[in-house]
Amino acid sequence: MLGRNKLIIYRSVYYSNYFFYICPMSKAARTRQFIAEKTAPILNKKGFGATSLRDFTDATGLTKGALYGNFKDKEDIASAAFAYSVAKVKKLVGKKVERATTYQKQLEALLDFYSEYVFNPPVPGGCPLLNAAVETDDFHTSMRKVVAKELVSTIDFIDSLLQKGIAEGEFISEIKTRELAYTFFCAVEGALMFARVERSKEPMDIIVNHCKKILNDITKR
């Protein structure tokens, strides 16, 4: 069982990435957040290369001057939109996971989140990490380090839950937590891509059930 203090620590660490978005902000900061929020779905759907300034002005109702009065260029807007998208996903993950009372159930809740995510993503267009990773591979390369950092952050999060599960006596100690974290995350992201292209939840259901079986196998009886 997870104690209240552990949950508080967990929330403070995991929520830090989107803390900026819920704190009281100045008018300028609110405008920047508004722009990030309105442009995030477009960039997540169309990608950086296919998104135009006209897309930004249509989505926000702001002029070019107003946009570039708050951001230095298109790259700056895209970075803020990506941060907003990732923060929104993390916030929803945090709310779902924190309700679980064991580390096994937390990891299952994370898997369930992605299962529900397939055709009802928090940000229209699908997973912002997956979409950005594909584009930054050989096109929008300036964002590669930012995207890689978020990908590794997710692996770290899964790894930490597995390690804490071992420390609390939930999971067997023989497992290699880092390898398992990569296995879970990469399998889920691959299934998400396949499911969205195929327009079927079957790939995700197969992967989620397989990952849950692994969790069940490593859980002490």
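The values are calculated or read from the model by the stated rules, or taken from the named source; none is laboratory data. Values in this document were obtained by computation on a predicted structure and should not be read as measured data. Every residue, glycine among them, receives a Cβ derived from its backbone with ideal geometry; neighbour counts consider all protein chains shown. All accessible areas refer to the heavy atoms of the entire protein, side chains included, with ligands and DNA or RNA removed. Shrake-Rupley method; radii C 1.70, N 1.55, O 1.52, S 1.80 Å.
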Most to least accessible of 31, 39 (protein chains only, probe 1.4 Å): 31, 39
Full-extension gain in nm, residue 183 to residue 101, via 0.36 nm per residue minus C-alpha separation: 27.2 nm
Solvent-accessible surface (1.4 angstrom probe) belonging to residue 30, in square angstrom, nearest 10: 130
Calculated [θ] (222 nm, deg cm²/dmol) that DSSP helices of n ≥ 4 give over the chain, each run adding -39,500 (n - 2.57): -24000 deg cm²/dmol
Ranked order, 72, 38, 176, 90 - accessible area, probe 1.4 Å, largest first: 72, 176, 38, 90
With Cα atoms, 0 to 90° folded angle of helix 144-167 axis to the chain main axis: 20
Degrees separating the helix 202-218 axis from the principal Cα axis of the chain, which is the longest one: 40
Flagged links, alpha-carbon separation over 23 Å, of 105/176; 45/145; 38/90; 91/176; 45/212: 91/176; 45/212
Per-selection Kirkwood Rh - segment 111-155 (Cα, Å, 1 d.p.): 11.3
Gaussian network model of the chain, Cα within-10 Å springs - most flexible of 45, 27, 74: 27
Rounded to 10°, Cα long-axis angle of helix 128-138 versus longest principal axis of the chain: 70
Span from the segment 82-121 Cα centroid across to the segment 162-221 one, whole angstrom: 14
Gaussian network model of the chain, Cα within-10 Å springs - most flexible of 97, 134, 188: 134
Net charge of Cβ neighbours under 10 Å - reference residue 133; Lys, Arg +1; Asp, Glu -1: -3
Most fluctuating residue given options 66, 181, 87, as computed from a GNM of the chain linking Cα atoms under 10 Å: 66
Set 88/201; 46/72; 74/96; 27/74 screened for pairs whose C-alpha atoms are more than 29 Å apart: 74/96
Rounded to the nearest 10 Å², the accessible area of residue 151 at probe 1.4 Å: 50
Karplus 3J(HN,Hα) series, Hz, for segment 173-189 with 6.51 cos²θ - 1.76 cosθ + 1.60 (x for Gly, Pro): 7, 6, 6, 9, 4, 5, 4, 5, 4, 4, 4, 4, 5, 5, 5, 5, 5
Residue-level accessible surface for residue 211, protein heavy atoms, 1.4 Å, Å²: 0
